[in-house]
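Q: Provided herewith is a single structure, encoded as structure tokens, for subsequent inquiry.
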Amino acid sequence: MIALILYFLLAVALVGTVSSAVFLGLAALGVLRFHSDAGKQLLSVPDDARLPPVSVLKPVHGLEARLKENIESFFRQDYPHYEILFAADEANDPALELVREICARYPHIPSRVLVTGALWPNPVVHSFHCMAEVAAYEILVTTDSDVEVGPHYLREIVPPLLHPEVGMVTCVYRGRNAAGFFSGLTAIGMSVEMTAGVLVANLLEGMKFGLGPTTVVRKDSLASIGGYTTLKDYIAYDFAIGNLIAKAGYKVVLSGYIIDHVVNQKSFRGMWQNQLRWAQTTRYSRPKGHFGSGLIFAIPYGLLGFIAAAGLGYWRAAAVLLGLALLNRLIEAWLVGWVVVRDPQIRRAPWLYPLRDLLGFVVWFASYLNLRYVWRDSRFELKGTRIALRQTSSNSR
């Protein structure tokens, strides 16, 4: 009986080894397509006279890590005409004092600060709605507060929207560790695991979703899905806006620009809750894709193969299976984490990604368990893809 179980586990390990190798091959093709598309985008950037003015919408919530550097990077854009709108839920949000200081240092860049309240289940979407209502320009660049960009950011991400068939542009990103070991695991997952998944999705079916650190839309394409009101109770509003715009008949473009996403998770608990939230969100947003992603990990199957083969006395096969898994993840880390997003952590500590791969599988498995994570507002809970008022909470606001 034990031998039969070990042979079954060995078979599972072999299937996972093959499937993760197939995914690595698809990721390699995705990298080639990404670089090809990015090169074409750079060649098509128009001169200043043809670059349209844009409104940058940036919600803030508390004094996050590197908030000053993140915000200032948007005031240092090599772009002819743009404005920046900020929004916070409450007037006493500590981020607003810093925001106003920075705005005052760049008087030549039009800026405005709004206090919006949190009137919708997803307060970030409500902030975007309020800022879009007063935005001066037709092109809206929505961006999270925990991202930092270079001076050519707007110049590179906006031009695709000059084509009427394009309804949205979004960007991949590299994780920037601002806290330590646990934060570093999340950051390298962003740079490699997240990016690889996006590149493969773009290769196989094209972009049909957005990524939160940056989504760029025109007001007409946003209006075609009912505006931000449609997204008010989505947990994964970034996925939903791209998905709905694609369903409305517009093209969603993956920009070649790479964003720095600052990660500041100082404890295992903070990292775990963050990872579980992402995984559960993906599970409900893309159920088939999320289920299939259980086969793209390599290290868990390498370890399983090592244990099963060793238990059967096949020590050479055990070593080969574990070695193939490690080689697979190191190649993916270099191919995606360095060739695409240029994450310096890949060169300093490439061993982190095999560890992250194992953690990623555990998180994926946990996403199917009845586990909870902390949402920003305790009155709400996740139900499928939507945020709903808890039954124990009052409906009054």
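Q: Highest GNM mean-square fluctuation, the chain, Cα pairs closer than 10 Å: which of 30, 197, 313?
A: Top of the fluctuation ranking is 313.
Q: To the nearest 10 degrees, how steeply does helix 315-332 sit against the main Cα axis of the chain, on a 0 to 90 scale?
A: Around 10 degrees separate the two axes.
Q: Another question, then. Relative to the longest principal axis of the chain, what angle (0 to 90°, nearest 10) does the C-alpha long axis of helix 2-43 take?
A: 30 degrees
Q: Could I ask something else about it? Helix-derived [θ] at 222 nm for the chain: sum -39500 (n - 2.57) over DSSP H runs of at least 4, divide by residue count, nearest 500?
A: -15000 deg cm²/dmol
Q: A further question follows. Using a 1.4 Å probe, what is the accessible area per residue for the stretch 1-121, in Å²?
A: Heavy-atom accessible area per residue stands at 51 Å².
Q: So, one more: Under a 1.4 Å probe, what is the accessible area of the stretch 134-260 per residue, stated in Å²?
A: Values: 3780 Å² over 127 residues.
Per-residue accessible area for the stretch 134-260 comes out at 30 Å².
Q: On a 0 to 90° scale, report how tilted helix 94-105 is relative to the longest principal axis of the chain, with both axes built from alpha carbons and the result rounded to the nearest 10.
A: Rounded to the nearest ten degrees, it is 60.
Q: Enumerate the whole-percent occupancy of each 5 Å bin, from 0 to the last occupied one, for all C-alpha pair distances of the stretch 200-283.
A: Going out from 0 Å in 5 Å bins, the stretch 200-283 shows 3, 12, 20, 22, 18, 14, 7, 3, 1 percent.
Q: Taking the chain as a Gaussian network, Cα atoms linked when under 10 Å apart, which of 239, 34, 365 shows the biggest mean-square fluctuation?
A: Sorting by GNM fluctuation, first place goes to 365.
Q: Quick one: check the C-alpha center-to-center distance for the stretch 70-110 versus the stretch 131-191, whole angstrom.
A: When both Cα centres are located, 16 Å separates them.
Q: Of the lysine pairs in the chain, how many meet both conditions: Cα atoms under 22 Å apart, and a spacing of 8 or more in sequence or different chains?
A: 18
The values are calculated or read from the model by the stated rules, or taken from the named source; none is laboratory data. Quick caveat: nothing in here was measured; it's all calculated off a predicted structure. Each accessible area value is taken on the protein alone, full model and side chains, heavy atoms only, with ligands, DNA and RNA left out. Shrake-Rupley method; radii C 1.70, N 1.55, O 1.52, S 1.80 Å.
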